[in-house]
Amino acid sequence: MSADAVLYPLRLTVTAKSLVFGGHAIARRLGKTGIPDWNIAETWECSDVTGSIGVVTNGPLSGSSLRQVVADHPEALMGAGWTGEYFPVLTKFIDATGTLPVHLHADDEAARRLEGERNGKTEAWHILDAAPGATALCGVQHGVTADRLRAALEAQDFDAVLRRLPVRAGETLYVPGGTPHSFGPDTLIYEIEQTSDVQQHAMRWHMEDGSPVSDAEFAANLDMLMQEVDLDTRPDFTPGLGIAVGDGVERVFLCTCPYFALERWRAGTAEPLRHSFATAQILTNVGLPVRVRTGGWSEELGPAETLLLPAACAEVEIAGPADVLFGHLPGLGGGAFGW
């Protein structure tokens, strides 16, 4: 850590969302503690979304919001040359014990033009667990016109117009803004995305409590959705690109786009996982408890817990056995692609 940096690995408060499609998988299958013992659909692990901003819970910066840390230590947190008013990446666990509503998120241009937001929400799903035969809806089928799409959404006949894809644990799907989508039931994912909560739904019920959507609200929702939809995006799941980086240490590149990158690292006991970096890293444990070391700092990271590693830390060592995710900003000059 550089001499002028005061930053260290940050633990942030987690926002738990109770929505109608949720269940108990985040606690019971991932082992996450400290969340309410009722149906939980999402836990927002690293968030700078207004209204759900994470707050530091450890060390000298305890009580500071993530947005304040960004403002006070932009380069030490994010990396050399970085400027911005907020942390640009959001990460979540999502428990689709039930089926998510069919919806989409605006891309940057549509979010600014139609929603009055600073950016849209492109995202990627990494599948942690899924029942045999699990599927997801993602993208519009070839040849479907806007009029046909609208008519099918009005009739709630989603399979007539949307692509249904097989879902398998370990695979990743990159979902550009403007792509209609849904997944579940019996699917557990880790999601990384732009910092935003902009969305348009195509359902006749509210995802918060299942109450019916009025005809007028439903029509207005579809009006906006049809202005934001991209009829041409048809992403597919990919297994990622894995490389050996040590004795029993594997690094899997899952997805990279202009907004974020996601990797999964696994290590045995022959040697620890060692990772060097120049931008902030969102470290999330999807395995057994691990010991995390950076500089003179060392702590245990429990199952389904997250640490935000500032760029100033520069490197991290994790003793195996380990199974962790690293979410971060992409390298300069990279285009959108999935491995």
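Each reported figure results from applying straightforward, stated rules to the coordinates on display, with no laboratory input. Worth saying up front: this structure is predicted, and the values here are computed from it rather than measured. Heads up, the Cβs are rebuilt from the backbone with ideal geometry, glycines too, and the neighbour counts pull from every protein chain shown.
Here are the numbers for this structure:
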quantity: Rounded if a/c under 1.5, otherwise prolate or oblate - region 200-339, Cα gyration tensor axes; calculated: prolate
quantity: Ranked packing of 232-239, 258-265, most packed first, by mean Cβ within 10 Å; calculated: 258-265, 232-239
quantity: Region 152-244: C-alpha pair distances exceeding 22 Å, %; calculated: 38
quantity: Alpha carbon centroid spacing (whole Å) that separates region 86-101 from region 229-296; calculated: 18
quantity: Cα gyration tensor shape for region 1-153, rounded if a/c is under 1.5, else prolate or oblate; calculated: oblate
quantity: Inter-site label distance for His142 and Ser214 at 7 Å from Cα along Cβ, in nm; calculated: 4.3
quantity: Reachable lysines from Lys121, criterion Cα separation under 24 angstrom, eight or more residues apart if same chain; calculated: Lys17, Lys92
quantity: Overall form of region 71-121 per C-alpha gyration tensor (a/c, 1.5; a/b vs b/c); calculated: oblate
quantity: Virtual spin-label span in nm between Ser276 and Met226, 7 Å along Cα→Cβ; calculated: 5.5
quantity: Compactness of region 124-173 as Cα Rg over 2.2 N^0.38 Å, two decimals; calculated: 1.34
quantity: Estimated [θ] at 222 nm from DSSP helical runs (n ≥ 4, -39500 (n - 2.57)) normalised by residues in the chain, nearest 500; calculated: -3000 deg cm²/dmol
quantity: Coil-residue trypsin sites (Lys or Arg not before Pro) of region 1-99, DSSP, other Cβ within 10 Å capped at 12; calculated: none
quantity: The chain: C-alpha pair distances exceeding 24 Å, %; calculated: 55
quantity: Protection proxy ranking of 268-277, 197-206, 78-87 - average other beta-carbon atoms within 10 Å, highest first; calculated: 197-206, 268-277, 78-87
